[in-house]
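The values are calculated or read from the model by the stated rules, or taken from the named source; none is laboratory data. This structure is a prediction, so every number in the text was calculated from the model and none was measured. Ideal geometry is used to build each Cβ from the backbone, glycine not excepted, and the neighbour counts take in all protein chains shown. Surface areas here come from the heavy atoms of the whole protein model, side chains and all, with no ligands, DNA or RNA. Shrake-Rupley method; radii C 1.70, N 1.55, O 1.52, S 1.80 Å.
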Amino acid sequence: MGCQDVLSRKTGVIVGDDVLALFTYAREHKFAIPAINVTSSSTVVASLEAARDKKSPIILQMSQGGAAYFAGKGVPNSDQSASVAGSVAGAHYIRSIAPTYGVPVILHTDHCAKKLLPWLDGMMDADEAYFKIHGEPLFSSHMIDLSEESVEWNIETTAKYLARGAPMKQWLEMEIGITGGEEDGVNNEGVDNASLYTQPEDILAIYNKLAPISPYFSIAAGFGNVHGVYKPGNVQLHPELLGKHQAYCKKELKSKDDKPLFFVFHGGSGSTKAEYFEAISHGVVKVNMDTDMQFAYCSGIRDYMVGKKDYLTTAIGNPDGEDKPNKKYFDPRVWVREGEKTMTTRVKEALDDFNCSGHV
Ligand SMILES: [Zn+2]
């Protein structure tokens, strides 16, 4: 008995009702699926390997910057064309390779602020083209982040994108309230504390606007979370607020469901396991993991480079002999692999932390 029992497609990239079924299953069984930011085939396979070994579903997501990196940093991106091309290329790669790992994968894209909307538009053009041929969108889901704008415009515009994706049964994650910190150029470090906490009335307004359009949406609500890594104690996390949102919406909507909403946890780096578990118990089904993964990936390569320094300075000649070849040390499949190993270990830890392991 596992999450695959509720899925029509058991492995590889899942879409539509399978995404809804998987998130519903996660909410019922009190686990969250880590969303790992991927920027290359290397970080994709490092993540998939962890999910396979831990018998777990996983979410792979590309940010606007990560997508541009997929296209190549040498490609101009002022009109978001590199981000569009890179995310589409990454999506095709992930779709091709994911079934090899035998677990369900949600293919997602990360924060899209107002100024980046041409990126989202370009990806949804690709979704619609893919839908015409295959009857499903290219991406399982996207994220739109208009939390910097007025609440009204945020909800109104999010609703338009949800409506565009609805015929394809595409999931949309939205953000309300301000998540502190800095990520991909959005800087909220100077914001005062009170506005870091989303109000229940806003959550209800989102539900009332979005639910009649489609059931395929989730909310990243601010409860004191921050993007990036900060010293603990600077911002107070209040995951219990998510429970209050669920209770408020249940009452106002006269819902039979104790948890009518799907929540997403952003800016979780540095949070305690207890804070994660409390958030998950209140309907968090997805937790974003970026900063910790970058550090993990770097650490394996760093240790290798430092440890093997004397084998990497020249192509031939090392402490074992001046005519000894170093090819087996500088081959990227050797040292990049070290980063993959440490990243896989860190993804596995996240899968355990969020109670996601063993559900496949
Ligand atoms: Zn966010």
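Which value, in Å² rounded to 10, gives the accessible area of residue 244 with a 1.4 Å probe and all protein chains present?
So the heavy atoms of residue 244 present about 130 Å² to solvent.
Identify, among 83, 12, 64, the residue whose Cα sits farthest towards the positive end of the charge dipole of the stretch 1-83, taking +1 on the Cβ of Lys and Arg and -1 on the Cβ of Asp and Glu, with the dipole about the Cα centre.
After comparing all options, I get 12.
I'd like to check one number: the per residue accessible area of the chain, probe 1.4 Å, reported in Å² as a whole number.
43
Compare 302, 27, 95 in a GNM of the chain, Cα atoms joined below 10 Å, and give the one with the largest fluctuation.
302
Magnitude of the Cβ-charge dipole of the chain, K/R +1 and D/E -1, about the Cα centre, nearest 20 debye?
Dipole of the chain, to the nearest 20 debye: 960 debye.
Would you work out what percent of the accessible area of the chain, with all protein chains in place, is carbon or sulfur (probe 1.4 Å)?
It is 54 percent, rounded to a whole number.
I want to verify a result. In a Gaussian network model of the chain, Cα cutoff 10 Å, which of these has the top mean-square fluctuation: 205, 220, 98?
Answer for the Gaussian network model of the chain: 205.
Let me check something: with ligands and nucleic acids excluded, how do 153, 171 order by accessible area (1.4 Å probe), largest to smallest?
153, 171
Between the stretch 83-98 and the stretch 246-322, what is the separation of their alpha carbon centroids in Å?
The two parts, judged by their Cα centres, are 21 Å apart.
Report the one residue of 283, 297, 269 whose Cα lies farthest in the direction of the positive end of the charge dipole of the stretch 251-297 (charges on C-beta: Lys and Arg +1, Asp and Glu -1; origin at the Cα centre).
Sorting the options by dipole projection puts first 283.
Top mean-square fluctuation among 145, 79, 125, Gaussian network model of the chain, C-alpha springs under 10 Å?
Among 145, 79, 125, the largest GNM mean-square fluctuation belongs to 79.
Using the 2.2 N^0.38 Å rule of thumb for compact globular proteins, work out how the stretch 235-360 stacks up: its C-alpha Rg over that value, please.
With N residues counted in the stretch 235-360, Rg over 2.2 N^0.38 Å equals 1.65.
So what are the three principal axis dimensions of the stretch 59-118 from its Cα atoms, in whole Å, longest to shortest?
Principal axes ranked by extent give 38, 23, 13 Å for the Cα atoms.
Just the accessible area for residue 271, please: 1.4 Å probe, Å², rounded to the nearest 10?
The accessible area comes out at roughly 30 Å².
What share of all Cα pairs of the stretch 1-103, in percent, falls into each consecutive 10 Å distance bin?
15, 43, 29, 12, 1
Tell me, what is the 1.4 Å probe accessible area of residue 276, in Å² to the nearest 10?
Answer for residue 276: close to 10 Å² accessible.
Just want to confirm a number: the relative contact order over the chain, from Cα pairs under 8 angstrom separated by 6+ residues, in percent.
It comes to 20 percent, rounded to a whole number.
Restricting to bridges with both residues inside the chain, how much of the DSSP beta-bridge set is antiparallel, in percent to the nearest 5?
15
When N counts the residues of the chain, how does its alpha-carbon radius of gyration compare numerically with 2.2 N^0.38 Å, as a ratio?
Cα Rg divided by the expected 2.2 N^0.38 Å: 1.01.
Determine the principal axes of the Cα atoms in the stretch 297-360, then give the extent along each, sorted from largest to smallest and rounded to whole angstroms.
52, 19, 15
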